[in-house]
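Any read-out appearing in this document is the output of simple, stated calculations on the displayed coordinates, not a laboratory observation. Worth saying up front: this structure is predicted, and the values here are computed from it rather than measured. Neighbour counts run over all protein chains shown; Cβ positions are idealised from the backbone, glycine included.
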Amino acid sequence: MALKRLYLPFNTIVKNIMHYKHPRQSHTVMTELVMPNDTNPHNNLMGGNLLKWMDIAGAICARRHANRICVTANVDNVSFKSAIKLGEVVSIEASATRVFNTSMEVFIQVFAEGLASEGRRKCNEAYFTFVCVDEFGNTVRILPLEPETTAETKQWESALRRRQMRLILAGRMQASEATELKELFLMES
């Protein structure tokens, strides 16, 4: 009896080995010290600098998940809840929440801590959307995300509603097509 040799394409082998990734595999923590050149005349961190740091942390998280370059496609509402002062340490935590074919949502939280024993306080949070691209700028499919904890599962489940809201607001989806949001937009007779 002759043995048949099976030759599988490399992509098939890789796909069979890794069907998804977990949020912990790409979780990113970035730390910055607020220096004088980062502040406004009130010695508070400038909002633009904070957004830049958030974008960098989110892009690193997305890149870790996708194993490719990811570019920023959308930033949800960003509210500055607490001023961050000169000399404070800023920690930015980024975690992937869900993958949608070639894009992914990343949840970013910002914390600050001063020299006094006030402890660490939450200053900001936002959802960023990144798109995975190849070296020519073409979109590339991303491995799905598999949540492990209850909190990750809640984020994963609500990510579809946030995505549909973004698409409606951008005019790329009709409210009637938003399966997760229909109750909010269409009144039942």
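At-a-glance table
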| read-out | value |
| --- | --- |
| Contact order normalised by residue count of the chain, Cα under 8 Å, 6+ apart, percent | 21 |
| Greater than 29 Å apart at Cα, pairs in Lys52/Lys182; Lys21/Lys122; Lys21/Lys52 | Lys52/Lys182 |
| Low-density loop cleavage sites - trypsin sites (Lys or Arg not before Pro) in the stretch 54-96, where at most 15 other Cβ are within 10 Å (DSSP) | Arg68, Lys81 |
| Ranking of Ser79, Ser26, Ser91 by count of other Cβ atoms within 10 Å, fewest first | Ser79, Ser91, Ser26 |
| Sites matching GluC sites (Glu not before Pro) across the stretch 32-126 that sit in DSSP coil, with at most 12 neighbouring C-beta atoms within 10 Å | Glu118 |
| Likely footprinting exposure, His22, His65, His42, fewest C-beta neighbours within 10 Å first | His42, His22, His65 |
| Least to most buried among Thr139, Thr150 (fewest other Cβ within 10 Å first) | Thr150, Thr139 |
| Debye-sum result for the stretch 84-188 in log10 I(q)/I(0), which assumes one identical scatterer on each alpha carbon, at q = 0.11, 0.17 Å⁻¹ | -0.50, -0.92 |
